[in-house]
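Trainee: This is the structure, below, for whatever I ask next.
The values are calculated or read from the model by the stated rules, or taken from the named source; none is laboratory data. Since this is a predicted model, take the numbers as computed values, not measurements. Neighbour counts are summed over all protein chains in view; Cβ atoms, including those assigned to glycine, are modelled from backbone coordinates with ideal geometry. Side chains are part of the model used for accessible areas, which takes the heavy atoms of the whole protein and leaves out ligands, DNA and RNA. Shrake-Rupley method; radii C 1.70, N 1.55, O 1.52, S 1.80 Å.
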Amino acid sequence: MSFRVVRSSKFRHVYGQPLKREQCYDNIRVSKSSWDSTFCAVNPKFLAIIVESAGGGAFIVLPHNKVGRIAADHPLVGGHKGPVLDIAWCPHNDNVIASGSEDCVVKVWQIPDGGLSRTLTDPVVDLVFHQRRVGLVVWHPTALNVLLTAGSDNQVVIWNVGTGEILVHIDSHPDIVYSACFNWDGSKLVTTCKDKKIRVYDPRSGEIDSEALCHEGTKATRAIFLRHGLIFTTGFNRSSERQYSLRAPDALSEPIVMVELDTSNGVMFPLYDPDTNLVFLCGKGDSVIRYFEITPEPPFVHYINTFQTSDPQRGIGIMPKRGCDVTTCEIAKFYRLNNSGLCQVISMTVPRKSDLFQEDLYPDTLSDEAGQTAEDWIGGQDAEPILCSLKDRVSIVQGGYVSQSKSLTVTKKANILDKGKKSGPTNNNLAINASNNNNSTSGGGGGAVTGVSEKDLRDITDEIRKLKAIIVKHENRIRALEAALKSQDDDETDTTLNKKSQVSDVTGASTTAASESTADAAGEDHHNNVKAEEV
């Protein structure tokens, strides 16, 4: 008697449920760029979407509670001179986002709590190096303020955003870099390139550890590091069939798994959840989301299910685990961008009868604290990401779970995005930093730190807005007075000219009359003289 053994997994039954339309985001002008990007980035505080914008590039930032129809004149983040191609939230500061654009500049922005009240055009820092468009921005998973950028100039640059310095420059790619991803502790870097190769780098030195052919197709490929060191890739074969593979970093040329999926043309973006070892494949232009579980035993990549929708997706973003609702056993939350301008929210849940916190579904997850500084990382140190428990360090916000809110402090520091307290002031740069302390502290170099509450910031903003309105009124009043004065001067000038003309006419007439009388007198004298001579 033969029987089939069903694989045991707590994720065999994962169901996707789209939220109602009034709980989603509508009327968004999603970017029409042909660049292969997700066009969407999300964290427990904000949703950011690249949008169409006249006169440059922009993206919209929405707090999660601002659902429904978005106004056409909603404030944007619009400091780029060309279309925005990629955006990424900082994993260690939920108010900081980086953006790359066709104007060859990478900008880092500070978003205030509560969202934008007016269009933001002043970034915290500009990162200028690339000579062609920048289509890839990736944050380091453990080091504070370390950002990777890649552009169409085939250059990969790793920055210290806090100081605006270049830490590492990698120029060994012969063509455009399609994707880049750090491993779990940020000690390795994997990239895919247009030359069809996959490469593993030492990100500090820029040296290639290994390289191999990734996928034989000519279309874009993607590669991500899994938590335990393996590499998951997506791409195309020679027949343009979409496929995925699983590889070991020390044997890139020998895939552990290589599977064909379908013949669609859209690039597949692998979105990874390190807590559950689930990989979600979201293709551009697809109306489905496939998800797989990665396990140590063959066949290693286990297909679980497919979430089906009616509309094709233009872009997609995944919420970090800190933003998932543990009360409903939500293990993932997606934000799908449709061509119609709708951002659809999809909740992936594992049904459970108990309402208690499910320890097996929610192990300790990535926190918003950095494991080390940029200086420590470039100096050769490796640090594991700092984890937090969703049971102990959470607060309910709009049905989701996020870390405790942080107060804002204004301080003078060399590291303009540093949230720590240890570095003293070394220059006069002012930055807004998030800190867990509500009281004022002192910098290591002796500079005083002043605590500013959100209410004070709002009051200052209101006062500035009122002053601007007063200035505008005074400018209009001054213009009106100047126009009236100019009109009065013109009238006076015309009057003077008329008077001068009248005087001139009178003088001319008098002169003519005098000349005529003089001529008559002369004629009469001449006549008298003639008569006298005749006598």
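Trainee: With every protein chain present, what is the per residue accessible area of region 7-155 (1.4 Å probe, Å²)?
Mentor: 38 Å²
Trainee: Right, here's the next one. Indicate the gyration tensor shape class of region 104-149 (rounded, prolate or oblate), computed on the Cα atoms with a ≥ b ≥ c the square roots of the eigenvalues: a/c under 1.5 is rounded; otherwise a/b larger than b/c is prolate and the rest oblate.
Mentor: Cα axes put region 104-149 in the oblate bin.
Trainee: Measuring from centroid to centroid over Cα atoms, what is the spacing of region 136-164 and region 243-268 in Å?
Mentor: Comparing the Cα centres of region 136-164 and region 243-268, I get a distance of 26 Å.
Trainee: Can I ask one more? Which of the aspartates and glutamates could be linked to residue 194 by a straight reach, that is with a Cα gap under 13 Å, when you skip same-chain ones fewer than 8 residues away?
Mentor: Of all the aspartates and glutamates, those that pass the test against residue 194 - Cα under 13 Å, at least 8 places apart if same chain - are 36, 153, 175, 216.
Trainee: List every residue whose amide H lies under 5 Å from the amide H of residue 209, counting only residues 5 or more places away in sequence or on a different chain, with H placed 1.01 Å from N in the peptide plane.
Mentor: 200, 201, 202
Trainee: Could the peptides 153-161, 19-27, 365-373 be put in order, highest first, of the mean number of other beta-carbon atoms found within 10 Å of their residues?
Mentor: Taking the mean over residues of other Cβ atoms within 10 Å, the ranking is 153-161, 365-373, 19-27.
Trainee: For the cross-link pairs 391/455; 81/466; 197/219; 45/455, which exceed 22 Å when the distance is taken from alpha carbon to alpha carbon?
Mentor: In this structure, 391/455; 81/466 exceed 22 Å between Cα atoms.
Trainee: Short version: ³J(HN,Hα) in whole Hz for each residue of region 107-122, in order, from phi by Karplus 6.51 cos²θ - 1.76 cosθ + 1.60 (θ = phi - 60°), x for Gly and Pro, what are they?
Mentor: Each residue of region 107-122 in turn: 10, 10, 10, 10, 9, x, 4, x, x, 9, 9, 8, 4, 9, 10, 10 Hz.
Trainee: What is the percent carbon and sulfur in the accessible area of region 30-97, measuring with a 1.4 Å probe over the protein chains and ignoring ligands?
Mentor: Whole-percent figure for carbon plus sulfur exposure: 49.
Trainee: Kindly state, to the nearest 0.05, the FRET efficiency for residue 71 paired with residue 484, given R0 = 45 Å and r defined as their beta-carbon distance.
Mentor: 0.70
Trainee: Looking at region 96-132, which trypsin sites (Lys or Arg not before Pro) are DSSP coil and have at most 10 other C-beta atoms within 10 Å of their C-beta?
Mentor: Here the trypsin sites (Lys or Arg not before Pro) that fit, given the DSSP loop and packing criteria, are 118.
Trainee: Which percent of the accessible area of region 105-156 is formed by carbon and sulfur heavy atoms (probe 1.4 angstrom)?
Mentor: Roughly 45 percent, rounded to a whole number.
Trainee: Spelling out what I want: for every residue of region 56-62, take phi, set θ = phi - 60°, compute 6.51 cos²θ - 1.76 cosθ + 1.60 (Karplus), and round to whole Hz; glycine and proline get x.
Mentor: x, x, 7, 9, 9, 10, 10
Trainee: Per residue of region 296-301, in order, report the coupling 6.51 cos²θ - 1.76 cosθ + 1.60 (Karplus, θ = phi - 60°) as ³J(HN,Hα) in whole Hz, putting x for Gly and Pro.
Mentor: x, 9, x, x, 6, 10
Trainee: From the Cα gyration tensor of region 252-368, with a ≥ b ≥ c the square roots of its eigenvalues, which class applies: rounded if a/c is under 1.5, or else prolate if a/b is larger than b/c, or else oblate?
Mentor: oblate
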